[in-house]
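Asks: Pasting a structure below so you can have a look.
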Amino acid sequence: MKLSVDSLTTGLQFHGEVQGKRQHYYVLSSARQYFVMSLSRSKRDAGNFNLVSRAAVDQLHRRLRGRRGLTARLVFVRSKNRRAVPSALTALNMLYVLVATGRAIIDPRRKSAREIFFNVRR
């Protein structure tokens with residue numbers, strides 16, 4: 001798929017913010033994909049963004065509906081489609097999108113744990 005700045009940034013819709021362990025993430029979307037963006041804490045006017053397929057997020061939500069105590073590593077290991085979820089980082093970004101769109105929450109009872117635990121809503 002050929003990427004261009006114009007096709008990536010036209011008509012972006014803001015979905016919400018998610019507070020991770022160390023970083024604050026902003027989730028936006030276009031017609032085909034979600035953007036998970038974060039600002040650098042150490043460098044001024046710098047940041048990072050990851051693209052996540054909208055269809056892959058919808059498929060993941062349908063598969064995980066009602067599950068509790070999910071981690072990004074668990075979602076990656078149990079994923080049957082390596083194209084949709086090629087790494088644990090992609091799984092984490094997909095879970096952040098689910099939180100920002102209101103389809104999942106970060107489990108408040110496990111804030112002190114090393115990993116972030118997610119509960120996916122029905």
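FYI, it's all coordinate maths here, none of it is from the lab. From a predicted model like this one, the values you see are computed outputs, not experimental measurements. Virtual Cβ from ideal backbone geometry, glycine too; neighbours counted across all protein chains shown.
Asks: Suppose R0 equals 22 Å; then what is the FRET efficiency for Ala46 and Phe14 from their Cβ-Cβ distance, rounded to the nearest 0.05?
Replies: Approximately 0.60, to the nearest 0.05.
Asks: List, largest first, the extents of the alpha carbons of the range 5-120 along their principal axes, each in whole Å.
Replies: 37, 31, 23
Asks: Moving on to the next point. Give, rounded to the nearest 20 debye, the magnitude of the charge dipole that the range 5-120 has about its Cα centre when Lys and Arg contribute +1 at Cβ and Asp and Glu contribute -1 at Cβ.
Replies: The calculated dipole for the range 5-120 is roughly 640 debye.
Asks: Residue by residue through the range 31-46, which ³J(HN,Hα) values in whole Hz follow from phi under the Karplus form 6.51 cos²θ - 1.76 cosθ + 1.60 (θ = phi - 60°), with glycine and proline marked x?
Replies: 5, 10, 8, 9, 10, 9, 10, 9, 9, 6, 7, 9, 9, 6, 6, 10
Asks: Ordered by residue, what ³J(HN,Hα) values in Hz, to whole numbers, does the range 108-114 give under the Karplus form 6.51 cos²θ - 1.76 cosθ + 1.60, where θ = phi - 60° and Gly and Pro are x?
Replies: Rounded to whole hertz, the list is x, 6, 10, 5, 7, 6, 5.
Asks: For the range 5-120, build the charge dipole from Cβ charges (+1 Lys, Arg; -1 Asp, Glu) around the Cα centre, then report which of Tyr25, Phe117, Val99 sits farthest towards its positive end.
Replies: Phe117
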